[in-house]
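Presented below is the structure to which this report refers.
The values are calculated or read from the model by the stated rules, or taken from the named source; none is laboratory data. This structure is a prediction, so every number in the text was calculated from the model and none was measured. With ideal geometry, Cβ positions are generated from the backbone for all residues, glycine too; neighbour counts draw on all protein chains shown.
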Amino acid sequence: MSDTPTPYHINSEGYYGEFGGAFIPEMLYPNVEQLRLQYEAILSDPGFQEEFHQLLKDYVGRPTPLYHARRLSAHYGCRIYLKREDLCHTGAHKINNTIGQILLAKRLGKKRIIAETGAGQHGVATATVCALMGMECVVYMGEIDIRRQAPNVARMKMLGASVVPAISGSRTLKDATNEAIRDWIQHPTDTHYIIGSVVGPHPYPDLVARFQSVISQEVQIQLQEQENRSYPDYLVACVGGGSNAAGLFYHYLDQDQVSIIAAEAAGEGITSGKSAATSALGKIGIIHGSKTLLMQSEDGQITEPYSISAGLDYPGVGPMHAHLFKSKRADFISITDQEAMQAALKLTQLEGIIPAIESAHALAVLEQRKFEEHQVVVLNLSGRGDKDLATYMEFYNLK
Ligand SMILES: *Cc1c(COP(=O)(O)O)cnc(C)c1O
């Protein structure tokens, strides 16, 4: 990809426009450099691709359906297709990336996997592929998050992972990330660090986007079958770090006839002080080793984000999305907790599908944007709502 320059894909220096790069401590340089030098060759090896796609098919359950949601379409007056990532093994798109990265780790000769997790979804997806491959797995997680996300901690432990609490700072995701980086510095040769979204130093954003791009690859084929053309009018996805969105957008980034909409978490409101609306509130800065948009105070301290959906509760966006925002290639829409929760109920009652609250942020875009009857809207249903049942029970008093 790096030898075919496009305005929206990564360039050969690891940048999307002005965003990206690798801003890392010197002691991490050898680890990241090994990855950078080898990832393209490994990914383009036919043997790698064959093993990756075989596992996506037989283990993850791909291709996921592209479902024409007729009642939802009638309600909103356009042609809505849901890309059913909620039907993936472990309940969300995250497994596409962890399958890819564990195969990459094996080919790099690594024996041990580390990861950071906030809500625990990426930790579970990582622990899952480590069990599958018989690899040691250490997941760093903020002490506060361990308490908030007990079921996912239990899943990781049952899968054989050790869950190590990060006890510094705010004891949440960014502290867990710092611990993971410290571990990686101490274990430069035998350990691979599986990052869970299109964030982190180059080449991670590109690596994760490529693994997730199976989503848009499938959408092209499925739309051709159902609509007789391979592209939609609109793509809609929620953005936390941005991996499910990057996967849905990937093969359409350079197709101008496709409009792109990204839904961010506005929490209790953009100006409420409790939000994760990075494009609205973020300024350029460095987080997790890349230059991107992030929410920060006047003196550059990272702001603690908030969203009812744990998966969108992230203070930055990946560099691809910072560039899509800045260049206006994508439209960013902020969705409040309230709006997301209502959209979740609507999908459940119109289509019999309980979405993850993250995905419900994308669904809420349908309330805010008017589409025309003939227009085709493909919306990424990034995950299923089982993990969010306690939140739904409380919000809708379903007891
Ligand atoms: C983690 C997660 C997200 C947010 O992560 P991205 O990298 O932005 O995709 C969205 N939806 C679900 C279901 C998730 O688990």
Do you know which of the residues in region 253-268 that are within 19 Å of His93 (Cβ to Cβ) and touching a Phe, Trp or Tyr at 6+ places or on another chain (Cβ under 7 Å) is farthest from the ligand (Cβ to nearest atom)?
Leu253
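Condition check ((1) surrounded by fewer than 24 Cβ atoms within 10 Å (Cβ to Cβ); (2) of a type in the set (Val, Ile, Thr)) across all residues:
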position	(1), (2)
Val153	yes, yes
Ser170	yes, no
Lys174	yes, no
Val199	no, yes
Filter region 371-399 for residues that are part of a loop (DSSP other than H, G, I, E, B) and under 13 Å from Ile354 (Cα atoms); the one that is nearest to the chain's Cα centre (by Cα) is Ser382
Within region 296-346, how many residues turn out to be modelled with pLDDT of 90 or more, more than 30 Å from Leu398 (Cα to Cα), surrounded by fewer than 22 Cβ atoms within 10 Å (Cβ to Cβ) and more than 15 Å from the ligand (Cβ to nearest atom)?
6
Out of the residues in region 347-357 that are within 14 Å of the ligand (Cβ to nearest atom) and in a helix (DSSP H, G or I), state the one that is farthest from the chain's Cα centre (by Cα).
Leu347
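If a residue counts only when it is away from the ligand (no atom under 16 Å from the Cβ) and of a type in the set (Gly, Ala, Ser), which strands (runs of 3 or more DSSP E) contained entirely in region 83-193 have at least 2 such residues? Quick ask: steps written out before the conclusion?
On the way: elements: 112-117, 136-142, 162-166, 191-193.
Where strands (runs of 3 or more DSSP E) fall fully within region 83-193 and carry at least 2 residues being away from the ligand (no atom under 16 Å from the Cβ) and of a type in the set (Gly, Ala, Ser), they are 162-166.
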Selection within region 239-252 - surrounded by 24 or more Cβ atoms within 10 Å (Cβ to Cβ) and either polar (S, T, N, Q) or away from the ligand (no atom under 13 Å from the Cβ) (or both)
Ser243, Asn244
Region 187-202, residues that are out of contact with any Pro (no Cβ under 7 Å at 6 or more places or on another chain) and among the hydrophobic types (A, V, I, L, M, F, W, C)
Ile194, Ile195
